[in-house]
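No lab work stands behind these numbers, since they all come straight from the coordinates. The structure displayed is predicted, hence computed values, not measured ones. In this analysis, Cβ positions are derived from the backbone assuming ideal geometry, glycine residues included, and neighbour counts consider all displayed protein chains.
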Amino acid sequence: MRLDCAGKWLDLTQPVVMGVLNVTPDSFSDGGRYLRFDDALRRAEAMVAEGAAILDIGGESTRPGAPAVPVQEELDRVLPLVERLARELPVPISVDTSKPQVMRAAVGAGAGLINDVWALRRPDALEIAVASGVPVCLMHMRGEPGTMQREPHYVDVVAEVRNFLAERVRVCEAAGLARDRVLVDPGFGFGKNLGHNLSLLRQLHCFDGLAAGVLVGLSRKSMIGALSDAPVEERLSGSLAAAVVAAWQGARIVRAHDVRATVQALRVCAATLAAA
């Protein structure tokens, strides 16, 4: 499976790494590290050199309790970087946003994928995403970032998340966005407790066939900290373990901060699966 991301191809025949680049002051792991344009540019170039197949640029934190960011502020953060990276780097650039205005402007600046934690549920988001002509990633989130971790409850988390994503894919198809241009993300840590996250990871194969592929974001998250009793900066080993489990269960894109190590882990996983 290959995705055309605004003229740059993303090959999903094997699991690949999406490098995370947050140009925000408050993201849970790298908030504030790449606010300066030159620092962000160097980090992007480094992640591509380390093997990232796609970069995900975010200008608004979606960590639990994160405040909303005004549209213009998010545009000011992401647009110059998207434009520069899309022009100079060989890999597709994804924009991590739920704001229709940012989607449209970022695609106009060269972004080749829209990664939306709201799954195109905000007003005008679906229409703008369809008109953009680029693939999208639909994520499941219960609630919203400010409140999503206040005692989330499910009867059957895997079935409920799968049903939600299946319905969003159907809505996209009805609007003119083909299934083979859609990715789905179960939304680890977005309105889920540790038990919910582990159930989703263990049964990630249940999401196969919903769309073009499954994307997961597990890197350095609180579930890794809960299992390892490690602070954010010491969660590499746990993040790699989760990435390998996800790829073994069928994930095609693994969103990661530690690109080089994750690429290496996924190559071993892919080779083992191919040999089997």
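Can you compute the label reach from Glu167? Point 7 Å from Cα along the Cβ direction, backbone N cut-off under 18 Å, restricted to region 192-224.
192, 207, 210-211
Can you work out D for region 64-182 in µm² s⁻¹ from Stokes-Einstein, where Rh is the Kirkwood radius over C-alpha pairs, the temperature is 37 °C and the viscosity is 0.692 mPa s?
D = 215 µm²/s.
Any idea how far apart Ala131 and Arg87 come out in nm if each label point goes 7 Å out from Cα toward Cβ?
Going from the Ala131 label point to the Arg87 one covers 2.5 nm.
Along Cα→Cβ, 7 Å out, is where each label goes; now give me the distance between the ones at Arg150 and Asp39 in nm to one decimal.
3.3
Where in the chain are the DSSP H helices whose alpha-carbon span along the long axis reaches 15 Å or more and whose Kyte-Doolittle mean is at least 0.0?
Helices meeting the criterion: 37-49, 157-175, 236-248, 259-275.
Apply 1/(1 + (r/R0)^6) to the Cβ-Cβ distance of Arg202 and Asp229, taking R0 = 22 Å, and write down the FRET efficiency to the nearest 0.05.
0.55
Using only C-alpha atoms and all pairs of different ones, pull out the Kirkwood radius for region 2-275 in Å with one decimal.
That comes to 18.3 Å for region 2-275.
Enumerate the lysines that Lys221 could reach by cross-link, defined here as Cα to Cα under 16 Å, with residues fewer than 8 away along the same chain left out.
Filter leaves Lys192.
Show which aspartates and glutamates lie in cross-link reach of Lys8 when reach means a straight Cα distance below 19 angstrom and same-chain residues fewer than eight apart are skipped.
Cα-Cα hits under 19 Å: Glu45, Glu50, Asp56, Glu83, Glu88, Asp96, Asp180.
Quick one: Debye curve from the C-alpha atoms of region 133-276, no solvent, what's log10 I(q)/I(0) at q = 0.10, 0.11, 0.13 Å⁻¹?
Each listed q maps to, in turn, -0.34, -0.42, -0.58.
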